[in-house]
Structures are given as structure tokens and as C-alpha cells.
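The values are calculated or read from the model by the stated rules, or taken from the named source; none is laboratory data. Small disclaimer: the values here were computed from a predicted structure and weren't measured. Ideal geometry is used to build each Cβ from the backbone, glycine not excepted, and the neighbour counts take in all protein chains shown. Each accessible area value is taken on the protein alone, full model and side chains, heavy atoms only, with ligands, DNA and RNA left out. Shrake-Rupley method; radii C 1.70, N 1.55, O 1.52, S 1.80 Å.
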Amino acid sequence: MLRLLEAALRPGGWLVLQTPNAARIGNRVRLLAGRNPFEPLREDSVSPGHFREYTVAELLGMVRKAGFEVGGWLTADYFVTGSRSNSVLRSLGPLVPRSLRAGITAWLRRPFDAQPRRIA
């Protein structure tokens, strides 16, 4: 999918990508409690859930392999819901290391010298 998006952009074009962070602290707490942190897939073609979540390092490696230049990235708790346990995690936000925040946003650029690709 990333290669398809990269090929669809003009050289120098930008893509902003957001995804949940597999390494977020909420997932780690659920694992420590013996619970699976990942939601099961749903039989809903409009909103099936996430097939896979990625860490920052995995995501940046994949986008570079697809041909993108990484303009920058950040993590934030914008996917945190209003449950009581999540509100506790949200209040700890400034203390949580960047790599453990809930969501990843990356801004990516197709290089100016990118070779034309056919979209299959």
C-alpha cells in the first residue's frame, strides 16, 4: 500500500500518515495484566479494526523501504478514549516517553529525483 501511495504522488509531494502505536503504554499495561492489548477484527467491512499495529521504528523502516523520505514524525495520545484507565494514562502524558504514546504521525515526501513507477 505504501508503494502505491508513493507512486501516486508527484515528486516532492507529501503524505501525512497516522496510525496507532503498537508499543503504547496502554498495550504494555494490558499485557502485564495478562490481557491481549489488540482488539479482535470485526466482521464489518466499513470498520474492521486494525490488522496490524506498528512501532515507530517499524513504521519508519517500512516507509523508507517504500521510497519515502521522512520529513519528521511525532507521537501523541490522540487515540486515547475516555475510559477511566485511559484518563489516568492521559494525565501521565508528560511523563510518558515519546515511544510509548498512543499514536504515531509521520510526514513523508516522495523524493524529487524519484523514478516514475507504474501503479499496477
Tally Lys and Arg at +1 and Asp and Glu at -1 over the other residues with C-beta under 10 Å from the C-beta of Val56: what net charge comes out? +1
Ranked packing of 63-72, 19-28, most packed first, by mean Cβ within 10 Å: 19-28, 63-72
Ranked order, Leu17, Leu41 - accessible area, probe 1.4 Å, largest first: Leu41, Leu17
